[in-house]
1. Compute the Rg/Rh shape ratio of the range A:76-126: radius of gyration over Kirkwood radius, all on alpha-carbon atoms.
2. Have a look at A:Phe99, A:Phe207, A:Phe110 and tell me which one the Gaussian network model of chain A (Cα, springs below 10 Å) gives the largest fluctuation.
3. As an exercise, take the mean of 1/r over every pair of distinct alpha carbons in the range B:78-203, invert it, and state the Kirkwood radius in angstroms.
4. Would you work out the relative contact order for the range A:40-270, in percent, from Cα pairs under 8 angstrom that are 6 or more residues apart?
5. Can you list the residues of the range B:264-290 with backbone N under 11 Å from a point 7 Å past the Cα of B:Asn334, pointing along Cα to Cβ?
6. Over the alpha-carbon set of the range C:1-142, work out the extent along each principal axis and list the three values in angstrom, largest first.
7. I'd like the FRET efficiency for A:Leu12 and B:Thr302, computed as 1/(1 + (r/R0)^6) with the beta carbon distance as r and R0 of 45 Å, rounded to 0.05.
8. With no solvent and one equal point scatterer placed on each C-alpha of the range B:5-232, evaluate the Debye formula and give log10 I(q)/I(0) for q = 0.08 Å⁻¹, two decimals.
Amino acid sequence: MKHRLLAWGLALPAILLVAIFLGLPVIETLLTTFADPKGAFAPYIKFFNSGFRRTVLWRTMEVAVITTVLSVLIGFVTAWVVANAPAKAKSYLIIAAVFPLLTGVVVRSFAWLVILGKNGILNSLLLALGVISEPFSMLYTQGAVIVAMVYLFVPLMILTCVGVLEGIPQDLTDAAASLGATQWGIFKQVILPMAVPGLIVGAVLVFTGSFTSYATPQLLGGERQMMMGTFLHQRAMVVFDWVGASTIAAIMVVVTLATVLLMSRLARKLNPVAG
Amino acid sequence: MTVSLTLENITAHYGKTMVLEDLDLHVGEGELVSLLGSSGCGKTTTLRLVAGFLEPTSGRIRLGERDLTRLPSHARDIGLVFQTYALFPHLSVRDNVAFGLKQRGIATSDRNKRAMDMIERVGLSGFADRYPANLSGGQRQRVALARALVIDPPLLMFDEPLSNLDAKLRVEMRVEIRRLQQANGTTALYVTHDQEEAFSISDRVAIMNKGRIMQLDTPEVLYSRPANAFVADFVGFENVIEAVATGEEGGMILAEAGGAQLKLPKSHFELPAKEFLLAARADGLLVAETGEGLPATLGLRTYLGRAYQYVCETRAGNLTANGPLGAPLETGANAVLIPQPEQCCVLHREAR
Amino acid sequence: MKRKLHPALIAFAVLVFIFLTGPLVIIIGSSLSSSEFLEFPPQGLSLRWYENAFDISAFRRTMGTSFFLAVAGTALSMLVGVPAAYAMARYRVELPGWLGNVFVLPVLIPEIVLGFSIMKTITTGYEVPVLPSLLIGHALLVLPYCVRVTGASLNSFDFSIEEAAVSLGCPRWKAFFVVILPNIRAGLIAAFILAFITSLNDVSISLFLTGPGVSTLPIQLLAHMEQFFDPTIASVSVVLMFITVGVMAVVERTLGLTFLTK
């Protein structure tokens, strides 16, 4: 009893911080969308009736899915190489992956502004090689946003996958080999099934991260490639339509939480260890 | 200063589960008492209650004249040696040993001197500036011992202190523990699941089961005269046979068990009642081709080095018995099991 | 035994690492340019854009704010997060299992939603001034790191060490400081650093909580980029990168980098 009281007492300040400054505001935001004088679901009806808004949602989904797939593929293959690299090389490769991760989103998105701009490096390079005759802007396209986002999330995926791959006990692959499995067989039947739950966790991070991102679509997509994050900011801070912004926020919360819940359930189901 | 430890009517719960039931225990001045039992028997709970890490639901704990029951742990003044040693990884050997003295507000120079003396006494001089990570298991155990002893506690407690050491070191360390405890004349409570360890160093041993003390006695008594079937089984009387006394004949008790007549020397056995239990170690039933004993059919034979061991089918049930090395008998053979008084004892039927 | 790698895989990984480090090299290069425009490779070398960055008072001011928020926000978060992590590790039976999820909420709820909601309810609704709102937002943002990373080192902690201290006459509250904290130092440093960097780089929370006179460096960078496209941004970015390098060196020294893959 005494211990229980002490335990709750120690946890209380942190609980209060979350409850008051996260719980309260977020719940209020969600409630705002149901308190519209035009009817409980009016803001949502408005959202889904507007072609523009649907496009924004669809585009955000599309960018997030493509980013996730690319990041997982690139990240996993690279992590495979990193995990099997000699110890010395491995530590350098991990530093090379960690460093971008610790560099801010603004700085990393800005780099692509320099690369993809009309006077950017890629244009100069293509001009010099004679591939194109005059520079064209690659900015403010979906491609630009996706490239920058993949750039943003590949390091995260590499680190997650290295962790996952190194967590697979050597005994298991040795056992498989002793039972006559080929290299490819070991990969397909032992490593991949064991890595999948970890991959899903990583993929969820990438998906939710790109689905709710702001700085990258703002810098590389601009007005033309409005995404949910930039759209929320525009509604809230430029147009001061707080109900509209809250509606966007609510949709983001629902999509994010649904993804996290569904995928973590899937990961648990696929986890060969937990059964 | 030697004092005694007394636990009176201690009942303890873990959540809703009762883990100790109306337990009484007295450890005399300068005595070392072991609590022996398998995991979950309540031995560690008892120690943690005395240390103050748990609170009893009811009952009292006294150390000499002091009532510890509601006293906070840090004020109890008990030297404690942990299973995992629980050395402070961030402190050197010297600072680990001096920790308790520091809490008592003893000046640095005095503190260091006393710590160094104790480090020397446990045979670790030259290791004072090392950190726990750079010590072997045995050395860590010595530091843990020194740390508990240096505060000169009226009571020392050990929680399975040797279970992380290899067999050879275990024997060495238990001698060391006994030596230091006797030299200081400190009252001690020792928790272990290792029978040999408990018997070898204790003045008395309490064998525990399901939150109760089944028997508290000297090792010698426990070993030869267990009070009930649980203790008998625990100290190695593998076979329990139901028997009925039928009469006496020239210093021998006549009894009937499993359809056969047994003769037990009166000098060795004191029957609790006419109907009793005969408990026998495997060595207490000699497997022979002929003789006066329990008829048996031999089953699987295993080699023990000093003897052969047989699984035996008898009318009193399946028994384990040993036979001499000279003449191994084959599976399926008929034999008799002759009780060996020194390796047998009798129990009350109700003590089953 | 490491597995043999196919040359094609190695080539692929090399390309990926060029992809990862190239853009950062380009930023460093263009920050050293002597011309008016962002270009790479630079035509001439100079440090004028670094001077320019420090001459712009908005950068100086917002960098100060960002540092203040990162230090104070993380400190605040550690102050409430470490006891919570301790309670969850020490009293596993007494506390419900879902409690851990509460402290992960700040990463579960989209950051931008959190920023917007705090602005709407706390700053506008309860009229809390901008700076305290920012501080709370940042403390919340980094709380998951403080609780989880500290918790990871506490979960492998042998609490009999705490009991040993208590049995030697050290009161519980004091044992927390003299025995527990020194032994989870690595976890505390890791938590602090991850939190610090997260806070320093944050955009989505600060986005809504910057007002007249109060802004953070990343927000100021975004604003500057919308008006100017000169190497000043690159030089500020490089300064931020150097801070990151410094932090990584500290991490490497104290913990080794492998903890990041765990």
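1. Values: Rg = 15.1 Å, Rh = 13.0 Å.
Reported Rg/Rh, Kirkwood definition of Rh: 1.16.
2. A:Phe99
3. Details: mean 1/r = 0.0688 Å⁻¹.
The answer is 14.5 Å.
4. Details: 248 pairs, mean separation 64.2, N = 231.
Relative contact order here is 28 percent.
5. Inside the label zone: nothing.
6. Principal axes ranked by extent give 63, 56, 24 Å for the Cα atoms.
7. Details: r = 61 Å, r/R0 = 1.37.
Between A:Leu12 and B:Thr302 the formula returns 0.15.
8. Ignoring solvent entirely, the Cα scatterers give -0.29.
Coordinate-derived values only; no laboratory data. Not measured: the values here are computed from a predicted model. Quick reminder, even Gly has a Cβ in these numbers, built from the backbone with ideal geometry, and neighbours come from all protein chains shown.
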